[in-house]
Amino acid sequence: MPTQDALAKYDQLIARHRGLIIKVCQIYCHRDLEQARDLYQDIALKLWTEMENFKGDSSESTWLWRIAVNTAIDRLRHEEAGPGIVLTSNPPETTTNDHPQQIDDLYEAIAHLPADDQLLVSYRLDGYSYCDIAGFTNQSEGSLRVRYSRIIKQLKTCLITNNHAGR
């Protein structure tokens, strides 16, 4: 039987990192809300079983991010997921209708990126700094900046190609 202290520690862990867990679920669940809920539960269960193994060798967010992503990947492998991972975050609400098609095109292009690149773009769109993302992913800020720059070039190329192809 778990102690009250262990339950409180677990509840605090989940509360501190709920956004990160939800982000991983959104990225890996093909716009399927039920799948995302199931994955959230899988991640929460895995965190419960691994919580006492956290030794502090990395930051708590890095440790949690690794568990969440690995749980998502394992789940996809077991389910033999269909084609590509789709970005599930909806485009931000705009206050004007200046460029709604361009926003849709951008999110469509992002959806075709590999899952790790989608996560990086998603974190940046959510306003996380390279320092924050480096903590989540255990990568250097410099390598993240280079990778993000390459992703942006890839997205620009994709958007230009799609616009010239007449969609």
Out of all the residues in region 59-80, which are over 17 Å from the mean Cα position of the chain (by Cα) and either part of a helix (DSSP H, G or I) or touching a residue at least 60 places away in the same chain (Cβ under 8 Å) (or both)? S59, R77, H78, E79
Quick one: which helices (runs of 4 or more DSSP H) lie wholly within region 109-167 and hold at least 3 residues that are over 25 Å from N70 (Cβ atoms) and more than 17 Å from the chain's Cα centre (by Cα)? 141-164
Among G56, G19, which is the only one that is outside the structural domain of A115 (by TED's automatic domain parsing), of a type outside the set (V, I, T), at positive phi and out of contact with any Ser or Thr (no Cβ under 8 Å at 6 or more places or on another chain)? G56
Scan of region 100-144 for residues that are exposed (fewer than 15 other Cβ atoms within 10 Å of the Cβ) and among the polar types (S, T, N, Q), ordered by number: Q101, Q102, S129, N138, S140, S143
Restricting to region 1-24, give me the number of residues that are out of contact with any Asp or Glu (no Cβ under 9 Å at 6 or more places or on another chain) and either among the acidic types (D, E) or in contact (Cβ under 8 Å) with a residue 24 or more places away in the chain (or both). 8
Selection within region 1-58 - part of a helix (DSSP H, G or I), of a type in the set (S, T, N, Q) and farther than 23 Å from H112 by Cα: Q4, Q12, Q41, T49, N53
I'd like to know if region 131-154 contains one or more residues that are modelled with pLDDT of 75 or more, hydrophobic (A, V, I, L, M, F, W, C) and farther than 25 Å from S61 by Cα. yes
Output the qualifying pairs, or none if there are none: Cβ atoms under 7 angstrom, residues six or more apart or on different chains, first residue in region 37-56 and buried (at least 16 other Cβ atoms within 10 Å of the Cβ), second residue part of a loop (DSSP other than H, G, I, E, B). L39/C29
State all residues of region 76-114 that are in contact with a helix residue (DSSP H, G or I) (Cβ under 6 Å, 6 or more places away or on another chain) and modelled with pLDDT of 80 or more; if no residue qualifies, say none. A109, I110
Give all pairs with beta carbons closer than 8 Å in which a residue from region 111-125 that is closer than 15 Å to Y28 by Cβ meets a residue that is assigned to a helix (DSSP H, G or I) and aromatic (F, W, Y); count only pairs at least 6 apart in sequence or on separate chains. A115/Y28; L120/Y148; V121/Y148; Y123/F136
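The values are calculated or read from the model by the stated rules, or taken from the named source; none is laboratory data. As the structure is a prediction and not an experimental result, all values here were calculated from the model. Note that we place each Cβ from the backbone using ideal geometry, even for glycine, and neighbour counts take in every protein chain shown.
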